[in-house]
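Here is the structure we will look at, set down as structure tokens.
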Amino acid sequence: MIGQMVGRYRILRPLGEGGMARVYAAEDTQVGRQVAVKALLPEYSRSPGVVDRFMNEAKAMGRIRHPGVVDVFEIMVAPSGELCIIMELVNGVTLREHLWKQGPMPLPMAIAVMEQLADTVAAAHAERIIHRDLKPENILLVVDPLDPMRPRVRILDFGIAKLEDAGSVKTATGTQMGTATYMAPEQFRNAKLVDHRADIYALGCVFFEILQGKPPLTGRNLLEQMQAHLQQQPPLDQLPPQTPAALRTLVGRMLEKDRDRRLGSLVEVLAILRGSAPEVVPTAIAVAEPAAAGAHTWVIALIAIILVAAGVGAVIAFT
């Protein structure tokens, strides 16, 4: 597609590729800005299920008007037949890459990132959108030029989001969707019945990992991970000693097995986080730098790799 025009957008260079889509940098020839073009691979454009999820992602991101979600400009079809989402292009590193390089975040940075995550997902919930796959790989950190110690957060990959309205992608009974390390117990049982509280549980897992450096519940395989989330209590005693008691309790309440006992709203989570925020003292806190151009720089239009287990009807990843 390099050099092709998709509407008024000229494809410039590839940015990445996944199982079902490619992402390109492109130029908007009317205003001169660069955008990202996410193109569904031609061999999947005839699969109704894949096309539905591709369109689902665009609809979800387009409905959420929040700084923590990428802007979607339009959906187009390339002259060569690929279905394309035209969206904002932002450089950054994923939370996963940051944790690999620098380990757990210092408390002021951790709480700043947690607040933004909770606020962004709360905006999705206000639009009746459930992400269903929140994890460090789907969270982008962008350096704020006005405050380099406080990265801006962007949430990626709404490909398996649940839109609670008549136009949403349907989930069959017994289907599992998500990434096992961050899935709520009810997601393992029946994704059709999942509501916004599954996102609260997933964010609890992410918050734990931001503070401690590793997820709260793990296993050597999918079965062990499922058993951990269904049966084991999160090891809150492994959080750093300097973790405020209110924040430790918050993570525990977000990770309740019974969703009726779990915190029921991210508005509650935000209130507790804002009450836990320590006074920020300038320190040498920095976001991990993106990889050099041409290596594996992460962009906000990262490709959702949808793993469909044949004959089982599952979209689930083991990490």
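The table that follows gives values for the structure above.
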| quantity | calculated |
| --- | --- |
| Condition met for Val69 (within 26 Å of Ala124 (Cα to Cα), touching a residue at least 40 places away in the same chain (Cβ under 8 Å), in contact with a Leu (Cβ under 6 Å, 6 or more places away or on another chain) and buried (at least 21 other Cβ atoms within 10 Å of the Cβ)) | no |
| Selection count where residues are of a type outside the set (D, E, K, R), under 21 Å from Pro14 (Cα atoms) and not in a strand (DSSP E or B), scope region 57-97 | 8 |
| Verdict on Arg53 being touching a helix residue (DSSP H, G or I) at 6+ places or on another chain (Cβ under 6 Å) and part of a helix (DSSP H, G or I) | no |
| Elements of type helices (runs of 4 or more DSSP H) in region 196-273, at least 1 residues being surrounded by fewer than 16 Cβ atoms within 10 Å (Cβ to Cβ) and not basic (Lys, Arg) | 222-231, 245-254 |
| Residue match in region 119-131 (condition: closer than 27 Å to Gly18 by Cβ, of a type outside the set (A, V, I, L, M), in a loop (DSSP other than H, G, I, E, B) and in contact with a Lys or Arg (Cβ under 7 Å, 6 or more places away or on another chain)) | yes |
| Whichever residue in region 89-108 is more than 13 Å from the chain's Cα centre (by Cα) and crowded, with 22+ Cβ neighbours inside 10 Å and, among such residues, is nearest to Gly68 (Cα to Cα) | Gly92 |
| Total residues in region 35-62, condition in contact with a strand residue (DSSP E or B) (Cβ under 6 Å, 6 or more places away or on another chain) and among the polar types (S, T, N, Q) | 1 |
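Read-outs throughout are calculated quantities, based only on the coordinates presented, and are distinct from any laboratory measurement. Everything numeric here is computed off the predicted structure, so don't read it as measured data. For neighbour counting, all protein chains shown are included, and Cβ atoms are generated from backbone atoms with ideal geometry for every residue, glycine included.
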